[in-house]
Amino acid sequence: MSISVVVLGRDEHLVRQIEGYRGELIVVRVCDDAAEAIAACTAGAVDVLLVSERALMPPMEQVDQLTVQRTMVALLDPKPERTAAVPGLVEIQDTVGMVELEALITQALVGLGQEATEREPGSTTAQGSGAGREGSIVCFWGSPGSPGRSTVALNYAVEAAVAGLSVVLLDADTYAASLAIQLGLMDESASIAQMCRVVDSGSRDPARLRSACLAVEVAESTLMVATGIPRASRWPEVRAAALRRAALTLRAHHDLVVLDVAPYIELDEQLSFDTQAPQRNAVTVEMLQCADEVFMVVAADSLGIPRALRAIDELEEKVPGIEVKIIFNKVSSGNSGHGPKRRILEAWERFGPTHPVVGFLPNDNPICHAAILAGSPLVEIAPKSSLRSEIRSLAGIKSSDSPAKGKTRRLAKNL
């Protein structure tokens, strides 16, 4: 089977070598600049973009666009970097013979096909790679209307860290990031934007990704936190594909990666442009697709449940294949009447989809307000509260003696 190649750079010797070899590689076009080459690959469904020198290398954002359409980028360089492989990109020694070049490109195309399969919703194939370690990604999502998604995500991550797991918490809400505020961190650096820049530089070094995070001390444990964007206008700094790669890399080196995402999933803004444009809601869609487990936080009241039903319908229509687990939050007799759990389940079984209900979190506004005011999680503010107990159960942590209250003032530092 032939492999179509677009060559970026006027390297006549390289083109003559490929054509003279008469193997599987077939040069269909030679381009002078990256824009022309990207356009040629997009229009012609080319298999490989072969870049003749590093100075001509297109930005990682364009590499991601080519990867989506299963076009691989091969860079010829005197000193190829092999330590931080990026899906869809392979760096090859510029002195290799045609036999080895063809073999390396063929192998990379096979890997790209596997990566594309892993991106498909519902795929059970492991995503990402690690050195003998593979954790999990848990994503917290919900409908618009403040159902308590960030509070649950934060305390879920904290409880896992207190239990001894290596945890990274990512605030991927591109509309209203709040985890830094809830932890009392005066941070304006936007860790997730820094992580995206690391990935866009061509690196997936976990040490560099961790250095962008803050180490937060909670109840004698340490939680890695990637803070969100402090201003909503900075959303273009958070590229969906880059953040996905960062999350998969962190999963390969930590027990748990917890994601807090925005509620919106529509991608209609792409219809307004003739060319590829940044999409604010693509971050939520990418995080939902790459997560191993998705929890949908639903406010257990007459407004929250209808909103959740509409949000699930939209999710199944626009991002099919995502299996969500339902967490009812703010459960109380004041919101749902006498016997709130029974009434909520009856309503959900009658009107709701078949997604499983995995938790009921009590409505405890005074404790939640106190936690936000102190910039502390529940384990420090109310270690014996029923809300904390339910979140511990949700995280699969058995009941144990509650730790003493920790200091509300934590030392946040870059690792």
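I'd like the full set of residues that are among the hydrophobic types (A, V, I, L, M, F, W, C), assigned to a loop (DSSP other than H, G, I, E, B) and out of contact with any strand residue (DSSP E or B) (no Cβ under 8 Å at 6 or more places or on another chain), limited to the stretch 216-270. Spell out the reasoning first.
Taking the stretch 216-270 first, the residues among the hydrophobic types (A, V, I, L, M, F, W, C) are 216, 218-219, 223-226, 229, 232, 235, 238, 240-243, 246-248, 250, 252, 256-259, 261-262, 265, 267.
Cutting the leftovers down to assigned to a loop (DSSP other than H, G, I, E, B) gives us 219, 229, 238, 252, 262, 265, 267.
Residues satisfying the conditions are Ala219, Ile229, Ala252, Ile265, Leu267.
Could you name every one of the helices (runs of 4 or more DSSP H) located completely within the stretch 322-415 that has at least 2 residues being at pLDDT below 90?
Numbers: elements: 333-336, 340-351, 365-374, 378-381, 386-394.
In the stretch 322-415, the matching helices (runs of 4 or more DSSP H) lie at 333-336, 340-351.
Go through Lys325, Lys318, Lys330 for me and flag whichever is surrounded by fewer than 21 Cβ atoms within 10 Å (Cβ to Cβ) and within 26 Å of Glu159 (Cβ to Cβ).
Answer to the selection: Lys325.
Within the bounds of the stretch 68-80, is there any residue that is modelled with pLDDT under 85 and within 25 Å of the chain's Cα centre (by Cα)?
Checking the stretch 68-80: at least one residue is modelled with pLDDT under 85 and within 25 Å of the chain's Cα centre (by Cα).
Among the residues of the stretch 277-333, count how many are within 21 Å of the chain's Cα centre (by Cα) and either among the hydroxyl-bearing types (Ser, Thr, Tyr) or at positive phi (or both).
2
The values are calculated or read from the model by the stated rules, or taken from the named source; none is laboratory data. All values reported here derive from a predicted model rather than from experimental measurement. No Cβ is skipped: glycine too gets one built from the backbone with ideal geometry, and neighbour counts run over all protein chains shown.
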